[in-house]
Amino acid sequence: MSTLRQKWITAPLLKWIKKVLPPISDTERAAMEAGEVWWDAQLLSGKPDWNQLLEMGPPTLTDAEQAFIEGPVEELCKMIDDWQISYEDHDISEEIWEFLKKNRFFGIIIPEEFGGLGFSPTAHAQIVTKISTRSTSVGVTVMVPNSLGPGELLMAHGTDAQKQHYLPRLADGRDIPCFGLTSPEAGSDAASMVDHGVVCYGDYKGEKTLGMRVNWHKRYITLGPVATVLGLAFKLYDPDHILGEEEELGITVALVPTDTEGVTIGQRHLPAMQAFMNGPNWGKDVFIPMEWIIGGQENIGHGWHMLMSALAAGRGISLPSLSTGGAQLAARTTGAYAHIREQFGISIGKFEGVQRRLAEIAGIAYVLDSAHKTTTRALDQGRKPAVVSAIMKAHATNGLRQAINDAMDIHAGKAIIDGPSNYLGNVYRAVPVAITVEGANILTRSLMIFGQGAIRCHPYLLQEMEAATNPDNDAGVKELDALLPKHFLFQLKTLGRAMFHGWTGGLFASSPKGVGDAAKYYRQMNRYSAVLTLVTEISLMSLGGELKRKEMISARLGDVLSELYLMSCTLKRFHDDGSPKEDRPLLEFAMRSGFHNIEVSLIEVFHNFPVRFVGQFMHFLTMPWGHSIRAASDRQARACANLIMEPSDTRDRLTQGVFLGNPGDGIDVVEQAFLKSHETAPIREKMKKAGIRSLSVDAVEQARTKGVINDEESAQIKSTAEAVDKAIQVDHFDSLGEQTAKG
Ligand SMILES: Cc1cc2nc3c(=O)[nH]c(=O)nc-3n(C[C@H](O)[C@H](O)[C@H](O)COP(=O)(O)OP(=O)(O)OC[C@H]3O[C@@H](n4cnc5c(N)ncnc54)[C@H](O)[C@@H]3O)c2cc1C
């Protein structure tokens, strides 16, 4: 039977797979092999095991990590004046640099034995989040040495000698690192770089030494202008066969002290008015001994794999932290401002148009914070979930963009006029930086998330692809033949599950124990997990390798996977928090918005599927009744908006990453006005009942003389009026760059 099957089914199938399989380059393969799959694989199994996620528990901090966040991080935030950094000095002060070095901010992830802090990904993320709510420039400056900066590569791949030399110097800031991958020719397609080295002998410390002569031009390199050591990626060639037969040895990564002869460190770029250091650098015939390669000579050609492995975890920390901080800042300040700013005689936050936007901001902050927490928890456990971290990178930065745009619109002129009291404008300007770096978002969304997710998370596909690329055809047939029955059974189960849940609206899908009335959301999650799994299976079968080029389809399918991930994290966070009923509006808003997005994406896939009848067939199988979950209702939006316009534990929980400890700064002025306004709300109510709506000095005096309020109340309401007046002011300047009094 097996031989007959091999002859008549498996062999022709293998031939077909070989034909439709997209060509996979070495660099794509390395990206595909970097890191691992995790909850993403559960979501693409059609039957996620929720206990795996819920039993992870919430992320925790050690006493030392907590003390660091409450100590040096708070102190640093107090020292930071982002206006001065960005507009007056265009630079971070020497005092802040020294503080960062002295307190080992550049060694957050470096183990204690090498002089670093040895903190967990969760602690690392919370530190970057808090700093980013104060200054993106300082946030990025701290972030880079702790992500792709050579520290992480050294810890994972360095030789003992390299670790002993560099890690202590990086941890205390004696060495400032940067990492050079991007060049003018090679941006998103970094592996196509023309920067190259040639194996040769040269003079090193007066001795003839085996090494490489390297030429490069890098640009956009963060910390480049101040770096003392450059992590450098280049392609290595051995035309004289000094090392062996092969001439093209592949992408290699070395550590190059920036004072090496032939290295030129360029002047600064100015990225979107952010003051963190960033610039180009060049190398002209720079001789690099083999021992400068990270991990030594045996790591020649392993550079791309090393970078992809580092990014598999790093993408889940740096930019998601910055984005979560930004979204929390938007939620806290915009809720407060919408409450205190009055137009047409009432708070602008009472207008429904504004409420809808406030709800979006609150929802984004809740989802991002939940996903950030869950992802760093997984990283704490030593996982390197490559697809999940790509989801986080793209969707956290995109969420930041939406939240900040809405926050800017609600603040209107208050956030447009730049100056020391504007706490949003600089975050708004920094958003495109976050969107572009570590894998620009359009590419990440269109090519990576589903492209990698579908293949890597599939229980059999990767093995089938390996069978198809086996140079021994007979062995390939046997490998594929062993997989076929299992794959077929998987397809049958997926079809049954997706159809059943699709046709019954998820009514009979299961839910984990102990989740209370959030069970209905888990049921829908299971339903759409099954639907996505089936749609993936059918898409792969009908389009094969063509799916890679159909970016509009694969981006939408990636959006479904991403939504499922973000929503899983949101459910987990609600569960971890003890299912507080006060937070329910946030959960409801996030779930309804997420399911709505999923349905829109799926229906767009069905309508635009390149093989028309297959699209219609998938529609019929999985969503025969069309949209079944409505977007968040206006009632839910109002409830969410109100949560960020009133002081409460929920508001504090939602925005706990925001630094608030700088009396008199823009954020504090708005926060104080907000708190006073709530404290004096009953007095204001009395005035309104008496027909006095204004908070002007005359109006308050009129209320007092008429006996509507007493002397003490009059003093209190005047104090509120002053605080609100201060909060709505913007800065103005005598002449360019010179600030005069506000008002
Ligand atoms: C402020 C800043 C700091 C940086 N720091 C560093 C650093 O420290 N080290 C370093 O090496 N690099 C750094 N970079 C470089 C950064 O990683 C690149 O800018 C990024 O990879 C994009 O390259 P590019 O700007 O040349 O855009 P391009 O590659 O020209 O891309 C342009 C657009 O096309 C899209 N695109 C490209 N290919 C595809 C595709 N196949 N499918 C869909 N869309 C696609 C992209 O998403 C993007 O929207 C930094 C960049 C900036 C702006």
Result of the Cβ filter at 9 Å on segment 163-186, keeping first residues that are in contact (Cβ under 8 Å) with a residue 12 or more places away in the chain and open to solvent by 10 Å² or more (accessible area, probe 1.4 Å) and partners that are in a strand (DSSP E or B) and more than 16 Å from the ligand (Cβ to nearest atom), at least 6 apart or interchain, is Asp175/Pro257
Scanning segment 441-453 for residues that are open to solvent by 30 Å² or more (accessible area, probe 1.4 Å), touching a residue at least 40 places away in the same chain (Cβ under 8 Å) and within 7 Å of the ligand (Cβ to nearest atom) gives Leu443, Leu447
Item to complete: For Asp665, indicate whether it is charged (D, E, K, R) and under 23 Å from Asn422 (Cα atoms).
Response: yes
Those residues of segment 623-668 which are of a type in the set (Gly, Ala, Ser), open to solvent by 30 Å² or more (accessible area, probe 1.4 Å) and outside any loop (DSSP other than H, G, I, E, B) amount to Ala639
Asp91 vs (1) assigned to a helix (DSSP H, G or I); (2) surrounded by 14 or more Cβ atoms within 10 Å (Cβ to Cβ); (3) among the acidic types (Asp, Glu): all pass except (1)
The residue that is farthest from Trp83 (Cα to Cα), considering only those in segment 127-144 that are within 15 Å of the chain's Cα centre (by Cα) and within 15 Å of the ligand (Cβ to nearest atom), is Val144
Filtering segment 249-291 down to residues that are farther than 18 Å from Met193 by Cα, open to solvent by 30 Å² or more (accessible area, probe 1.4 Å), touching a residue at least 60 places away in the same chain (Cβ under 8 Å) and out of contact with any helix residue (DSSP H, G or I) (no Cβ under 7 Å at 6 or more places or on another chain) yields Leu270, Glu291
Those residues of segment 162-193 that are in contact with a Gly (Cβ under 8 Å, 6 or more places away or on another chain) and within 11 Å of the ligand (Cβ to nearest atom) come to a total of 5
Scanning segment 230-243 for residues that are away from the ligand (no atom under 16 Å from the Cβ), assigned to a strand (DSSP E or B) and either open to solvent by 10 Å² or more (accessible area, probe 1.4 Å) or at pLDDT below 95 (or both) gives Tyr237
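This table checks each residue for (1) over 24 Å from Tyr166 (Cα atoms); (2) within 16 Å of the ligand (Cβ to nearest atom).
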{"position": "Asp195", "(1), (2)": "yes, yes"}
{"position": "Val214", "(1), (2)": "no, yes"}
{"position": "Thr228", "(1), (2)": "no, yes"}
{"position": "Glu245", "(1), (2)": "yes, no"}
Exactly one of Ala371, Ala338 is among the small types (Gly, Ala, Ser), crowded, with 24+ Cβ neighbours inside 10 Å and over 30 Å from Arg556 (Cα atoms), and that one is Ala338
Among the residues of segment 77-88, the number that are assigned to a helix (DSSP H, G or I) and open to solvent by less than 70 Å² (accessible area, probe 1.4 Å) is 7
For Ala394, are the conditions met, namely being within 12 Å of the chain's Cα centre (by Cα) and either open to solvent by less than 10 Å² (accessible area, probe 1.4 Å) or more than 11 Å from the ligand (Cβ to nearest atom) (or both)?
yes
Matching residues in segment 235-280 (over 22 Å from Glu185 (Cα atoms) and small (Gly, Ala, Ser)) number 2
Requiring at least 2 residues that are among the charged types (D, E, K, R), the helices (runs of 4 or more DSSP H) wholly within segment 337-434 are 352-380, 386-411
Taking segment 36-85 and keeping residues modelled with pLDDT under 95 and over 30 Å from Arg523 (Cβ atoms) leaves none
When restricted to Ile553, Ile538, the only residue modelled with pLDDT of 95 or more and open to solvent by 10 Å² or more (accessible area, probe 1.4 Å) is Ile538
Filter result for Arg456 (touching a strand residue (DSSP E or B) at 6+ places or on another chain (Cβ under 9 Å), in contact (Cβ under 8 Å) with a residue 24 or more places away in the chain and closer than 25 Å to Ser188 by Cα): yes
Taking segment 695-724 and keeping only residues that are within 44 Å of the chain's Cα centre (by Cα) and in contact (Cβ under 8 Å) with a residue 12 or more places away in the chain, one is left with Leu695, Gln716, Ile717, Lys718, Ser719, Thr720, Ala721, Ala723, Val724
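The values are calculated or read from the model by the stated rules, or taken from the named source; none is laboratory data. None of the values given here were measured: they were computed from a predicted structure. For neighbour counting, all protein chains shown are included, and Cβ atoms are generated from backbone atoms with ideal geometry for every residue, glycine included. Areas reflect the complete protein model, heavy atoms only, side chains present, ligands, DNA and RNA absent. Shrake-Rupley method; radii C 1.70, N 1.55, O 1.52, S 1.80 Å.
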